[in-house]
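Asker: Starting off with a structure, shown below.
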Amino acid sequence: MGLLALLSQPLVFLVAFAASAFGLVVHNLVQAWVADRFGDSLPRRMGFLTLDAKVHLDPLGLLFLALLGFGWPKSVPFRLNGRKGLIAALSGPVGFLLAAFVYLVIAALLPGGLGLEPIAHGLRVAAGVMVVEATVFLFPVPPLDGARAVYAAGSYEARRFMDRLASYGPIGFIVIFLVLSYTGVLGAVQAGLMGFLQTLLRLVGLY
């Protein structure tokens, strides 16, 4: 279940967990950098442009990362609206995909026959986790990045709908994603994102 299924391979587990946790930091760094570039200094002032794990990582999110293979970082605060807010919000999932791509590249470049396969395997697992993170965070369900994009650039009616979804709390969040998973929507988006990364790897001759 989650990354705990890898405990029989301690090095694979440690690499997968550490890389996945760092991927949560990358999500925040990318989002904070984009917001900062657009003139919102709040993320910088709150320390989100640093590598300080205490700023970025949520202990409960890390626990769920280990248990379920899906976690979350602390939310990056920004006050952008319109197109800039939309781009800042969606840059978060892009950060996950960037981390996944880098992990896959490193795994492909590690030389064989030197006992490095557990590290490569852990990085590939972490890349898969990052694709799951990007998939989930793209959906317009509060408090995910997709919902932040709607709040930043959506119509009044769309923002009201986000408020109604948010009012159901964690139960509503779980029900929505159970439905998305059961209907295959979540898997289709995940497969599409992984296919995109594999295409990039083919373009650089690593797949």
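Asker: Here are some conditions: (1) modelled with pLDDT under 95; (2) within 23 Å of GLY195 (Cα to Cα); (3) polar (S, T, N, Q). SER91 meets all but one. Which one does it not meet?
Answerer: The one condition SER91 does not meet is (1).
Asker: I would also like to ask the following. In the stretch 151-193, what residues are touching a residue at least 40 places away in the same chain (Cβ under 8 Å), hydrophobic (A, V, I, L, M, F, W, C) and within 24 Å of ALA88 (Cα to Cα)?
Answerer: ALA152, ALA153, PHE177, LEU186, VAL189, LEU193
Asker: Which one is farthest from PHE101 (Cα to Cα) among residues in the stretch 1-33 that are open to solvent by 10 Å² or more (accessible area, probe 1.4 Å) and of a type in the set (S, T, N, Q)?
Answerer: SER8
Asker: Need the failing condition index for ALA120 against (1) open to solvent by less than 20 Å² (accessible area, probe 1.4 Å); (2) closer than 23 Å to TRP72 by Cα, just the number.
Answerer: Here ALA120 meets the rest and fails (2).
Asker: Please specify each residue of the stretch 34-50 satisfying the condition of being touching a Leu at 6+ places or on another chain (Cβ under 8 Å), open to solvent by less than 40 Å² (accessible area, probe 1.4 Å) and within 19 Å of GLY23 (Cα to Cα).
Answerer: Within the stretch 34-50, ALA35, PRO43, PHE48 qualify.
Asker: Among the residues of the stretch 61-111, write down those that are over 23 Å from LEU14 (Cβ atoms) and β-branched (Val, Ile, Thr).
Answerer: Those that are over 23 Å from LEU14 (Cβ atoms) and β-branched (Val, Ile, Thr): VAL76, ILE87, VAL94.
Asker: Working only within the stretch 51-78, note down all residues that are farther than 21 Å from ALA16 by Cβ and surrounded by 15 or more Cβ atoms within 10 Å (Cβ to Cβ).
Answerer: Once the filter is applied, which keeps residues that are farther than 21 Å from ALA16 by Cβ and surrounded by 15 or more Cβ atoms within 10 Å (Cβ to Cβ), the stretch 51-78 yields VAL55, LYS74, SER75, VAL76, PHE78.
Asker: Quick one: is ALA99 open to solvent by less than 20 Å² (accessible area, probe 1.4 Å) and under 15 Å from the mean Cα position of the chain (by Cα)?
Answerer: So ALA99 passes the test.
Asker: Could you grab the pairs with beta carbons closer than 8 Å, sequence gap of 6+ or different chains, first residue in the stretch 1-14 and under 12 Å from LEU68 (Cα atoms) and of a type in the set (Gly, Ala, Ser), second one open to solvent by 80 Å² or more (accessible area, probe 1.4 Å) and outside any loop (DSSP other than H, G, I, E, B)?
Answerer: Once the first residue is under 12 Å from LEU68 (Cα atoms) and of a type in the set (Gly, Ala, Ser) and sits in the stretch 1-14, its partners that are open to solvent by 80 Å² or more (accessible area, probe 1.4 Å) and outside any loop (DSSP other than H, G, I, E, B) give GLY2/LEU68.
Asker: Where in the stretch 95-207 are there helices (runs of 4 or more DSSP H), lying fully within it, with 3 or more residues that are of a type in the set (Lys, Arg)?
Answerer: 156-167
Asker: Restricting the stretch 167-196 to residues that are under 27 Å from ARG79 (Cβ atoms) and open to solvent by 50 Å² or more (accessible area, probe 1.4 Å), which is nearest to the chain's Cα centre (by Cα)?
Answerer: PHE173
The values are calculated or read from the model by the stated rules, or taken from the named source; none is laboratory data. None of these values were measured; they are calculated from a predicted model. Using ideal geometry, Cβ is built from the backbone for each residue, glycine included, and neighbour counts are taken over all protein chains shown. Calculation scope for accessible area: heavy atoms of the full protein, side chains included, ligands and nucleic acids excluded. Shrake-Rupley method; radii C 1.70, N 1.55, O 1.52, S 1.80 Å.
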